[in-house]
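Reading through the structure tokens given below for one structure.
The values are calculated or read from the model by the stated rules, or taken from the named source; none is laboratory data. No experiment lies behind these values; they were computed from the predicted model shown. Backbone-built Cβ (ideal geometry, glycine too); neighbour counts: all protein chains shown.
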Amino acid sequence: MLNKPDKNFTVLENEWIELKDGRRLAARFWLPDASQEKPVPAILEYLPYRKRDGTAARDATTYPVFAQHGYAGIRVDIAGNGESQGLLTDEYTEDELATGEEVVAWIAAQPWCSGAVGIIGISWGGFNGLQIAMRRPAALKAVVSVCTTSDRYADDIHYMGGCLLNDNMTWAQQMLAYSSRPPDPELAGEGWRDIWLERLKNLPNLAANWLSHQRRDAFWKHGSLCEDWQSIEAPVLCIGGWADAYRNTAAAIAENLEAPAKALMGPWDHKYPHIARVLPKADFHGEVLRWFDRWLKGEENGAENLPDYRVFVQDFQAPMAEFGERSGRWVAEQSWPSPNVAMQAFHLGAGTLGAQSDGEVVVSTPQDLGKASGNFCAGMRMANELPGDQRVDDALSACFDSGPLEADVEIIGAPVIELDVISDKPAAFLVGRLCEVAPDGTSILVSYRPFNLAHRNSHEHPEALEPGKRYRVRFPLNQCAHRFSKGSSIRLALSTSYWPMVWPSPEAAKVTVELHDSTVSLPVRKGVQPEDKTAAPEPARSYPVLAVEKLTDAHDSTERGVDVDGRSFFETFDDFGWNRDLETGLATHSNVRQRFSVKPDDPLTAEALAEWTMDIKRDGWEIRTHSHHRMTCDATHFLIEAGISTFENGKPVYEHHWNQNIPRDHI
């Protein structure tokens, strides 16, 4: 165990939190030296991603800064991961949240803690931070939740608009890879192998679990803040990025939370803003410390008077699949919803967007439309994750264009689509994409969202479509902030497919849109104002980094094409390289391959494959895990195959396979 003194704080590499039920959770502490004489507030992050090797590099960029500012940093591994005892059976379980509540109380009771605890987290840690706050632990005084959700059904990696996302399977595969690794024998002791085997024998097939809940039932309502906005009393700072999957939560929290709440939306990908790869980066440390100084230390610093919603409004920029600088400017809305934003309806015409007209348009697109979609959750892979030029998908969609704009038009909020539709099949979905089209024809994605027409009345109680019957449907696109440039056109593109992001319907459908009362309404901001300098976070400050030896270079590849049998395929490979932590001596490596394929004229040929290899080694000890998922379907069922194989020093340790068929439920 490393007990490392640093600049006015000490790092305790591994400490045990003893739970009431006898389990022990592994934690890393960053304790200010001053806490030995005067207790200090604590910042907790509670994750399944392994503090020892999984998040060590990221943790090194945040907790030393917090400790130097007078906070104890506490990074805890959830039960069943890293060195923590117990089992992980699913995400955001009652056990996880109740244990998190117990951890908050344990921290508050320590002699070095003032009794005030804040929770910080991104993604999983952002989710469970809000969920623990819903339980109102007495010591929890504030939350910073990043790239997070308030609705586990409608705004996570499983379903969107009642449609099945391929990330439901690929994220399950990633969690299988993460959770199949052993604890470090240096910390867990002689019983490490028994702990590992117990985990392996109890690994869940998360993809099948989640796919067994295709409608908004009690499973998804559990832990969804939108079910009870009044449940949180602790002040919340919510941070997100437009390149990330979780675009809707910041505005929802600013609008609905009764506790003090502020929202910050930048251009960023699925990263803390100081290490984001979509630029400009921001002073994440300063935002966090101002929030916690106000609510954990009681400093009168005006954090409660920040604008409700600070937003990076994006400008037109040539599409870039690679990460880099994003063009735009910062604005602020003192209250949200804002009196400065009003919905403006644009009627759909025969290829036009603007004036009301009669007629109809048939939407029926090939199953492989979606080549320019980008990765659903950009920031999870090495490169090539952002949406490309939309013309490749626009050419196959039903498009409705405004004329060239006579002035800039700025929108902040969620566009809303209202349509009169007739389907020729009992199951169908539509995808709406809002684009800006430059005078040279370049089309960039502003917002999108799929919508399952069987969910037109409810996500809880879907109803099959009656072929030939007319229905009125209404659905929002994802939150956005964008300035359409003078001379550009606004485009709404509709499709009945969006591969590989959305799993296809059982049959290729034709959806007729009756135009007369069909509209898209945009949240137009009054006037186009200059940048509000007070809205912009400070530039990212310098921060420490983990001492790592690079043993091999990372590399990646992307390939698109058509197989000999006519399948359109998309394949990615990311190898993150070998790296050795110079403090612990652990060397780690991982790679992931994903492949998605479908025949353009046959939705039942859809196939998704994902596989991970993960390696950990130290002199004389080497672990490898290899895991995979394959998902296919027929007209009535989804078919999931999965497997895990593990090795110690090249010898097999444990192997298990799953084969499960899940009935389709209006999807």
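Computed values, structure above
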read-out	value
Selected residue (criterion: modelled with the lowest pLDDT) from residues of segment 561-589 that are of a type in the set (A, V, I, L, M, F, W, C) and part of a loop (DSSP other than H, G, I, E, B)	V564
Elements of type helices (runs of 4 or more DSSP H) contained in segment 159-207, each with 1 or more residues being in the same structural domain as E641 (by TED's automatic domain parsing) and crowded, with 24+ Cβ neighbours inside 10 Å	167-179
Qualifying residue in segment 557-564 (condition: surrounded by 12 or more Cβ atoms within 10 Å (Cβ to Cβ), over 30 Å from R52 (Cβ atoms) and without any contact (Cβ under 8 Å) to a residue 60 or more places away in the chain)	yes
Output for segment 524-558, where each listed residue is outside any loop (DSSP other than H, G, I, E, B) and more than 24 Å from the chain's Cα centre (by Cα)	V524, R525, V548, E549, K550
Condition met for S489 (of a type in the set (S, T, N, Q), more than 25 Å from the chain's Cα centre (by Cα) and outside the structural domain of D408 (by TED's automatic domain parsing))	no
In segment 295-346, the residues that are hydrophobic (A, V, I, L, M, F, W, C) and within 17 Å of G240 (Cα to Cα)	L306, V311, F312, V313, F323, W330, V331, A332, W336
Hits in segment 560-571 (condition: of a type in the set (D, E, K, R) and under 24 Å from the mean Cα position of the chain (by Cα))	E571
Of the criteria (1) under 27 Å from E13 (Cα atoms); (2) under 18 Å from the mean Cα position of the chain (by Cα); (3) not polar (S, T, N, Q), which one D155 fails	(1)
Segment 461-482 residues that are more than 30 Å from R329 (Cβ to Cβ) and at pLDDT 95 or above, paired with ones that are of a type in the set (S, T, Y) and part of a strand (DSSP E or B) (beta carbon under 6 Å, 6 or more apart)	L465/S423
Residue list for segment 455-478, filter: within 23 Å of P506 (Cβ to Cβ) and either touching a Phe, Trp or Tyr at 6+ places or on another chain (Cβ under 8 Å) or of a type in the set (K, R) (or both)	R456, H459, L465, K469, R470, V473, F475
Residue check, Y153 under 19 Å from A608 (Cβ atoms) and in contact (Cβ under 8 Å) with a residue 40 or more places away in the chain	no
Single residue of segment 439-454 satisfying the filter (surrounded by fewer than 18 Cβ atoms within 10 Å (Cβ to Cβ) and not charged (D, E, K, R)) that is nearest to R326 (Cα to Cα)	T442
Filter result for D90 (surrounded by fewer than 23 Cβ atoms within 10 Å (Cβ to Cβ), assigned by TED's automatic domain parsing to the domain that holds G286, out of contact with any strand residue (DSSP E or B) (no Cβ under 9 Å at 6 or more places or on another chain) and more than 20 Å from Q174 (Cα to Cα))	no
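Here's the yes/no breakdown for (1) crowded, with 24+ Cβ neighbours inside 10 Å; (2) more than 21 Å from W499 (Cα to Cα); (3) at pLDDT 95 or above:
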residue: V409; (1), (2), (3): no, yes, yes
residue: S423; (1), (2), (3): yes, no, yes
residue: P426; (1), (2), (3): no, no, yes
residue: H459; (1), (2), (3): no, yes, yes
